[in-house]
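Here's the structure, in structure tokens; my notes come after.
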Amino acid sequence: MRLVRIRFEKTGRSKYISHLDLTRCMSRALKRAQIPIWYTQGFNPHPYMTFALPLSLGIESLCESMDIKIEGEMQNDQIEESLSKVMPEGISVYSVYDAKMDARKIAFAQYDILLELSSGDVDNFVYSAKALLDCDELIVEKLGKKGRKKVVKQVNLIEHIKSQKITSSEKQVKIMVQLSAGSSANINPNLLVDVLIEKIGVEPESVKIIRKSLYTESGEEFL
């Protein structure tokens, strides 16, 4: 038995698939591809599958990661080929290898946030967004837990931004930002989008968020 990491993209309409539905989807795909996955022991055995940093609904990703345990002699390239044939639209496997890093080492996630605006709002949005992100404090309310209870906490987003860059074209603003992610702190990029829209007072025609990469505390890409 060995631990195998499956890397895949989740784009297009598949961004609206919840994490629970994604788990079911991948379980069915593994069965259809006849992957010799290891099942947990006990009263209710189920296939061993774990996901690194499950994605929020409505966000696309180019760097999703799922670990499985397999039995037998099936090679990684065979797993990739077999899975690629049975994946639904919007979910595509691009790499399969023996897991190298513990997912608990993930500390940051890199996002591209694309906002479509009317041409007259672009310059104002860019100027105001840069000013807000250069401040020492940008407070948002984030749902969290205190024991078993759900509570609303105030979070300073600036403390959770490792890097950021803003560019623009005629009708689009692009925010490239690296946010805290992982078990200790996990910042949803929608929090950043919502607070910028609220404070700047400009409503985008559309918003697209793509998770590009995951990184450790030391800046290594998660593999």
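Return a whole-number percent for the relative contact order of the chain, with Cα pairs under 8 Å and 6 or more residues apart as the contact set.
So the answer I get is 26 percent.
Taken along the Cα-to-beta-carbon direction at a fixed 7 Å, the label points for Lys105 and Lys149 span 3.9 nm.
Counting Lys and Arg as +1 and Asp and Glu as -1, each charge on the Cβ, what is the dipole of the chain about the Cα centre in debye, to the nearest 20?
Details: 31 positive and 30 negative charges, 199 e Å.
Dipole size: approximately 960 debye.
For the peptides 110-119, 27-36, the ranking by mean Cβ contacts within 10 Å, running from highest to lowest, is 110-119, 27-36. Centroid-to-centroid, using Cα positions, the stretch 124-202 and the stretch 13-51 are 32 Å apart. Computed from the Cα positions only, the extents of the stretch 105-216 along the three principal axes stand at 47, 26, 25 Å, in decreasing order. Take the Cα of Met176, step 7 Å toward its Cβ, do the same at Trp38, and the gap between the two points is 4.0 nm. The length gained by stretching the chain between Thr167 and Glu217 to full extension, at 0.36 nm per residue less their Cα-Cα distance, is 15.4 nm. Kindly list the residues of the stretch 8-28 that lie in the label zone of Gln78, defined by a backbone N under 14 Å from the point 7 Å along the Cα-to-C-beta vector. Inside the label zone: nothing.
Would you mind getting me the FRET efficiency between Tyr48 and Ala185? Use the beta-carbon distance for r and R0 = 30 Å, nearest 0.05.
Computed FRET efficiency for Tyr48 and Ala185 comes out at 0.65.
The Rg/Rh ratio of the chain, with Rg taken over Cα atoms and Rh as the Kirkwood radius over Cα pairs, comes to 1.02. Computed over the stretch 1-126, the percent of Cα pairs more than 26 Å apart is 29.
Distance check, please: which entries in Lys15/Lys142; Lys174/Lys208; Lys171/Lys208 exceed 20 angstrom between their Cα atoms? Those over the limit are Lys15/Lys142. Counted residue by residue at 0.36 nm each, then reduced by the alpha carbon distance between them, the extension gain from Ile197 to Asp134 reaches 21.1 nm. Note on the chain: GNM, Cα springs under 10 Å; of Thr23, Thr50, Thr40, the largest mean-square fluctuation is that of Thr40. Once every DSSP H run of n ≥ 4 in the chain is given -39500 (n - 2.57) and the sum is divided by its residues, what mean residue ellipticity at 222 nm do you get, rounded to the nearest 500 deg cm²/dmol? Per the formula, -6500 deg cm²/dmol.
3J(HN,Hα) along the stretch 51-57: 10, 7, 6, x, 7, 6, 4 Hz, from the Karplus curve 6.51 cos²θ - 1.76 cosθ + 1.60 with θ = phi - 60°, whole Hz, x for Gly and Pro.
Local charge sum around Lys105 (other residues, Cβ-Cβ under 10 Å, Lys/Arg +1, Asp/Glu -1)? The answer is -2.
Each value in this text was obtained by applying a stated rule to the coordinates, not by laboratory testing. Owing to the predicted nature of the structure, the values given are computational and were not obtained by experimental measurement. We place every Cβ from the backbone using ideal geometry, glycine too, and count neighbours over all the protein chains shown.
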